[in-house]
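The values are calculated or read from the model by the stated rules, or taken from the named source; none is laboratory data. Worth saying up front: this structure is predicted, and the values here are computed from it rather than measured. Cβ sites come from the backbone with ideal geometry, for glycine too, and all protein chains shown count toward neighbours. Note: accessible area is taken over every heavy atom of the protein model, side chains too, but ligands, DNA and RNA are not part of it. Shrake-Rupley method; radii C 1.70, N 1.55, O 1.52, S 1.80 Å.
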Amino acid sequence: MIQLQNRRILVGISGGIAAYKTPQLVRLLRQAGADVIVVMTANAARFVTATTLQAVSGRPVRNDLWDPAAEAQMGHIELARWAELVLIAPATADRLARIAGGLADDLLGAVCLATRAPIAVAPAMNQVMWEAAPTRRNLATLVADGIAVIGPESGDQACGEVGPGRMTEPESLLEAVVGLFEVPPGLSELRAVTTPPGGSLSGRHVVITAGPTREAIDPVRYISNHSSGKQGYAIAAAAIAAGARVTLISGPVSEPVPAGAALIPVESARDMHAACLEAAGDCDLFIAVAAVADYRPKTAADRKIKKSDAGDVGLHLDLVENPDIVASVAALPRRPIVVGFAAETHDAMKHARAKLTRKGLDAIIVNDVSRTDIGFGSDSNAVTLIWAEGELTLEKQSKASLASEIIDRLAALFVRQLAHTNPENVAH
Ligand code: CTP
């Protein structure tokens, strides 16, 4: 079966004895229909020859960042762009450390740093090296960066020891690669094999807007809406449970503030706008759950409007549009991942997709508020998560469990981008 037809896979080989198995892996990938370019490190060439790999891949092998002829043909940045998957097999302890540290002093390092494609590594090393604290730390970093770790297997090692550290066999690696491509579009970010220690949003700063806004008519009256803040507060609690530092920018609600959230209370849309722009500066993920009033009275009277003020023509309010908060955050030059909510009564998916584009969002969560059993004020909700390449319906459940599912899905969907948003936000 041609499971990888025309898939562009860059196979990286680092310098370990398991490199002798990589020509077989390349053959299997090619037989499955993939187009393969091999990038070898200098030490890999001590274990396997470029000639062998050129023969099995059917393409020139790349091994030097400084080879002017090769760079002129397809430079390292083009190589990084070309790849739909970067698969490093074997990945030595040293290579894992280099990728975790973002080192780009050789061709394979530069490609890993310059690619937007998913990266998978098949570690291979002595079992003591595999269990060593630095390797553990590096693996945690790689997983947090969304890199798939395939294997290693346990068994006899080339060094004579028995234990974990054998590279996964080429046949199983092929299966794993097919699996990586089978994940639905956009959900390819779900490839991380384990959650980083401390939770899926560990060390990330998440800013959440919640509740309604109040738009003053005079000192005692305002325009507002039915938002209870329940969903936004539940999302804040779920983000804290996932390890995030949370700033909750909320209109007036009676919900208790989740333990650990930094609350910024606001009243009007303009207050919320200002607070959000300030908080967005060091934010990784911005989730706009607030039901922001689209319009406000053009002027708020500074004294209570008296019935007698209306006269014969009745009382008229001039309304002007409020700033679009989520769109303003999405338009920032150094922007976080931005997720909006859409409360819709009809043509929900069509309107939500239009909002996703119009507001420049990374994802939008659609709420069908025409259903009386869910939504405003209710304790349960059902939503659809929409992003550029896909959508996912999250069935009716309590707002608390839905919030956890939303946070899990967003963390998985954007794991790679989140890893690169604001590195200074990572907890020390
Ligand atoms: N939103 C915002 N600022 C506004 C209006 C909305 O940040 N001034 C955010 C909401 O928090 C939500 C998303 O935009 O995440 C969509 O809100 P919604 O009220 O559904 O969209 P509108 O732009 O108001 O569109 P419409 O009223 O036409 O449905």
On the first, second and third principal axes, largest extent first, how far apart are the outermost C-alpha atoms of the chain in Å?
94, 41, 38
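What's the extension gain from L277 to T51 if we count 0.36 nm per residue and subtract their Cα-Cα distance?
On the way: separation 226, 0.36 × 226 = 81.36 nm, distance 5.59 nm.
Using 0.36 nm per residue and subtracting the Cα-Cα distance, I get 75.8 nm.
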Considering Cα pairs under 8 angstrom that are at least six residues apart, work out the relative contact order of region 9-78 and quote it in whole percent.
33
Please determine, in degrees from 0 to 90 and to the nearest 10, the orientation of helix 269-279 with respect to the longest principal axis defined by the Cα atoms of the chain, where the helix direction is its Cα long axis.
30
Normalising by the residue count of the chain, find the relative contact order in percent from Cα pairs under 8 Å and 6+ residues apart.
12
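Using 0.36 nm per residue of separation minus the Cα-Cα distance, give me the extension gain between E321 and H351 in nm, one decimal.
On the way: separation 30, 0.36 × 30 = 10.80 nm, distance 1.95 nm.
Gain in length upon complete extension: 8.8 nm.
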Whole-number accessible area per residue in Å² for the chain, which is evaluated in the context of all protein chains at 1.4 Å:
46
Give me the percent of the accessible area of region 1-114 that comes from carbon and sulfur atoms, probe 1.4 Å, all protein chains in place.
51
Mind giving me the nanometre distance, one decimal, between the label points for R335 and R27, set 7 Å out from Cα along Cα→Cβ?
5.0
Quick note, region 308-373: a/c under 1.5 would make it rounded; otherwise a/b > b/c is prolate and the rest oblate (a ≥ b ≥ c, C-alpha gyration tensor); here it is oblate
Order by accessible surface, 1.4 Å probe, largest leading, for residues T372, T52 comes to T372, T52
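What length, rounded to one decimal in nm, is gained on full extension from D156 through to D379, with 0.36 nm per residue of separation minus their alpha-carbon distance? Walk me through the intermediate numbers first.
Details: separation 223, 0.36 × 223 = 80.28 nm, distance 5.52 nm.
Difference between extended and current length: 74.8 nm.
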What is the calculated FRET efficiency for N6 to E267, with r their C-beta to C-beta distance and R₀ = 60 Å, to the nearest 0.05?
0.60
Heavy atoms of K306 accessible to a 1.4 Å probe, total area in Å² rounded to 10
110
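If R₀ is 51 angstrom, what is the calculated FRET efficiency for the pair L394 and D309, using the beta carbon separation as r and rounding to 0.05? Don't skip to the answer; put the middle values down first.
Details: r = 49 Å, r/R0 = 0.96.
Efficiency at R0 = 51 Å is approximately 0.55.
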Accessible area of I337 in the full protein assembly, 1.4 Å probe (Å², nearest 10)
10
Here, A42 and E78, labelled 7 Å along Cα→Cβ, have an inter-label distance in nm of 2.5
Mean separation of Cα contacts under 8 Å (at least 6 apart) over the residue count of region 78-169, i.e. the relative contact order in percent, is 30
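Once you charge only the Cβ atoms, +1 for Lys and Arg and -1 for Asp and Glu, what is the size of the charge dipole of the chain about its Cα centre, to the nearest 20 debye?
Numbers: 40 positive and 46 negative charges, 49 e Å.
I would put it at about 240 debye.
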Mind checking the angle between helix 399-413 and the chain's longest principal axis? C-alpha axes, 0 to 90 degrees, to the nearest 10.
40
Please give the solvent-accessible surface of V111 in Å², to the nearest 10, using a probe radius of 1.4 Å with every protein chain present.
0
